[in-house]
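The values are calculated or read from the model by the stated rules, or taken from the named source; none is laboratory data. Quick caveat, the model's predicted, so the values are computed rather than measured. Cβ placement follows ideal geometry from the backbone for every residue including glycine, while neighbour counts extend to all protein chains displayed. Side chains are part of the model used for accessible areas, which takes the heavy atoms of the whole protein and leaves out ligands, DNA and RNA. Shrake-Rupley method; radii C 1.70, N 1.55, O 1.52, S 1.80 Å.
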Amino acid sequence: MRHSNLHPVLFAVAAVCLCGAVAHAQLSPEYADWADGPAGFLLTKQELKEWKNISTDAEAKEFIDLFWARRNPSPDTSFNAFKAEFDAKVRYAEEHFSFKDHSGATTDRARVLILMGRPEGVQNKTPSQTVPGLGTATGGTDEVQGASQIWFYDPAKLPEGFNAKGSQLYFLFYEEQLNSNNYVLDRSAREAFMGLAALADAPEVYLLHPEMKEVPKPVSLKGGRKAAPEHLAWLGQDAPYNETARVRAELGVSDGVSRPLWVHIELPSDAPEVEFFAGQVESSDGEVLSNFEIDAVPLNGQYGKAYHFSFPLDLGAFTVDIVGAADGKPLVTEQIETEVTEIGDTGTWMSPLWLGLSASPNELAKPGEPYTFGGWHLMPVSGPDFTHEDEIVFFGFVVRPALDEEGAVDLKTRIRVKKDGKSLGRPLMMPMDASRIFGDLYMYGSSVGLSGLPENGSYEFEFKVTEGNSGAFTELSIPVDVVD
């Protein structure tokens, strides 16, 4: 009788499993194994249940698009900073965690990297060493037969929502076979319990918009709106200030992974203030990815009113078209072509230098906003004209600096001034402090006055900032015409 009671239950379970298998058998290779890849680490229990019922490629694509949109910090924009960081972690895992024919992005270390981020510290143990304090009576022995790694995390530095307790989280990995690079997560160590609990909670933490039912239509700029078709018709047209507008376009820094396009448009002093801007972003093959319309916010620039934008873009080549308008007609149009490159996954990275005539504090500024460095907003230099009363302000970023024993970044600045190709005395050398924004991202800034220049005329200023512990550096040279 017991057997007869069990058979219907077993049959029902088997039927459910068979239905799931049949459903996925209808998916193309592009989607069939998606949940078994690195993205599967992020699936919540409910999402995994829903994924198992997917039966067509169209349903799979819709599910995956919504999956990433629900995790996008700015779901109304076409760029997904969370997805960009995920892709960077996957690239790192493939390069460093792969073994034999096995993808590094689906290993235990990849799972911890994707769900917990980069560890605060990593301790490597050789086969002859022990792992102090991470053995238990029921969980094996402190005697390490193969190589091992211990990853450390500070709960206070984890994303909001983890609610992890304790002063430190641990993850212990053992190499299954010496020199195989196949490290397996030890789930038995008592000291690793809090870390494993945080790991289990991570998929829910990153689900920022669980109520979202469809992917929002993208807008190019955060805070913008969909552009009116009649305003997009102005793109590329001749406008009265096309020749006199001063435009800068350069890749900025957002979070140590993403590089938004920062744009500075400055009109001459006799131009009317722009009321709004509109535009669109195209891919390298001409596909319109998004458009925008946004009210203009005039700023005091070097020569006239300036306007700043930050376009979050993925890796690749793009064309950005912009029009600024007032009184129902275009004042300026601009087309910008850019290629977004990655910061890289290893080693110290120094950003380009940004120079300006002024910087104003803005405690509400967020990383990635145009010309924003920590709590400072920079007004970039638009041309070579200065006076003896001016200062040149400069800022930059450092990603993954090589910290000294006290945990500080060792930055040194060299400023050389030339006139007619010859140096004016010795270069100015000065140390600089760097402030941690979050994670591995640091910023620095300083200024140099022009009052010490001997006379009016044309000069060349050469800036070089070096991170002393790694030797990484960045440099920039600009013309300076001083006329009082």
- Item | Failed criterion for residue 231 (all others in (1) at pLDDT 95 or above; (2) closer than 14 Å to residue 278 by Cα; (3) open to solvent by 40 Å² or more (accessible area, probe 1.4 Å) hold) | (3)
- Item | Residues of segment 163-190 classified as more than 22 Å from residue 96 (Cβ to Cβ) and buried (at least 18 other Cβ atoms within 10 Å of the Cβ), total | 2
- Is there any pair linking a residue in segment 94-106 that is more than 20 Å from residue 34 (Cβ to Cβ) to one that is open to solvent by less than 50 Å² (accessible area, probe 1.4 Å), with Cβ under 6 Å and at least six apart or on different chains, and which? 99/180; 99/181; 99/182
- For residue 341, indicate whether it is closer than 27 Å to residue 118 by Cβ, touching a residue at least 12 places away in the same chain (Cβ under 8 Å) and polar (S, T, N, Q). yes
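Is it the case, given these coordinates, that residue 252 is modelled with pLDDT of 95 or more, open to solvent by less than 20 Å² (accessible area, probe 1.4 Å) and under 30 Å from residue 92 (Cβ atoms)?
Working: modelled with pLDDT of 95 or more: yes; open to solvent by less than 20 Å² (accessible area, probe 1.4 Å): yes; under 30 Å from residue 92 (Cβ atoms): yes.
So residue 252 fits the description; yes.
Being surrounded by fewer than 17 Cβ atoms within 10 Å (Cβ to Cβ) and without any contact (Cβ under 8 Å) to a residue 24 or more places away in the chain is the filter here; which residues of segment 24-39 pass it?
Filtering segment 24-39 for residues surrounded by fewer than 17 Cβ atoms within 10 Å (Cβ to Cβ) gives 25-26, 28-30, 32-33, 36-37.
25, 29, 32, 33, listed by residue number.
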- Message: Anything in segment 416-426 that is outside any strand (DSSP E or B) and surrounded by fewer than 14 Cβ atoms within 10 Å (Cβ to Cβ)? List them, or say none.
- Response: 420, 421, 425, 426
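The rows are residues; the columns are (1) surrounded by 17 or more Cβ atoms within 10 Å (Cβ to Cβ); (2) not in a helix (DSSP H, G or I).
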{"position": "46", "(1), (2)": "no, no"}
{"position": "58", "(1), (2)": "no, no"}
{"position": "65", "(1), (2)": "no, no"}
{"position": "79", "(1), (2)": "yes, yes"}
{"position": "84", "(1), (2)": "yes, no"}
{"position": "87", "(1), (2)": "no, no"}
{"position": "96", "(1), (2)": "no, no"}
{"position": "109", "(1), (2)": "yes, no"}
{"position": "112", "(1), (2)": "yes, no"}
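Does at least one position in segment 205-221 carry a residue that is more than 30 Å from residue 89 (Cα to Cα) and surrounded by fewer than 22 Cβ atoms within 10 Å (Cβ to Cβ)? If you could, list the steps in order and put the result at the bottom.
Keep residues of segment 205-221 that are more than 30 Å from residue 89 (Cα to Cα), which gives none.
No, that holds for no residue.
Taking the condition of being closer than 12 Å to residue 402 by Cβ and in a strand (DSSP E or B), how many residues in segment 455-476 meet it?
Our first condition is that a residue be closer than 12 Å to residue 402 by Cβ; within segment 455-476, this holds for 466-472.
Then drop every residue that is not in a strand (DSSP E or B), which leaves 466-467.
Result for segment 455-476: 2.
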- Go through segment 154-172 residue by residue and tally those that are touching a helix residue (DSSP H, G or I) at 6+ places or on another chain (Cβ under 6 Å), closer than 13 Å to residue 116 by Cβ and either acidic (Asp, Glu) or assigned to a strand (DSSP E or B) (or both). 3
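Out of curiosity, is residue 297 closer than 29 Å to residue 351 by Cα, in a loop (DSSP other than H, G, I, E, B) and at pLDDT 95 or above?
Answer is yes for this residue.
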- Task: Give me a count of the residues in segment 328-351 that are among the polar types (S, T, N, Q) and under 15 Å from the mean Cα position of the chain (by Cα).
- Result: 3
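Each row is one residue, and each column tells you yes or no for (1) buried (at least 19 other Cβ atoms within 10 Å of the Cβ); (2) modelled with pLDDT under 95.
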{"site": "319", "(1), (2)": "no, no"}
{"site": "324", "(1), (2)": "yes, no"}
{"site": "354", "(1), (2)": "yes, no"}
{"site": "365", "(1), (2)": "no, yes"}
{"site": "368", "(1), (2)": "yes, yes"}
{"site": "380", "(1), (2)": "yes, no"}
- Task: Kindly provide the set of residues from segment 436-468 that are surrounded by fewer than 15 Cβ atoms within 10 Å (Cβ to Cβ), over 18 Å from residue 383 (Cα atoms) and out of contact with any helix residue (DSSP H, G or I) (no Cβ under 8 Å at 6 or more places or on another chain), ordered by number.
- Result: 451, 452, 454, 455
- Message: I'm trying to understand the selection: among the residues of segment 250-274, which are hydroxyl-bearing (Ser, Thr, Tyr) and within 31 Å of the chain's Cα centre (by Cα)?
- Response: 254, 258
- Message: Quick check on my filter: what residues within segment 151-162 are surrounded by fewer than 18 Cβ atoms within 10 Å (Cβ to Cβ) and closer than 24 Å to residue 126 by Cα?
- Response: 152
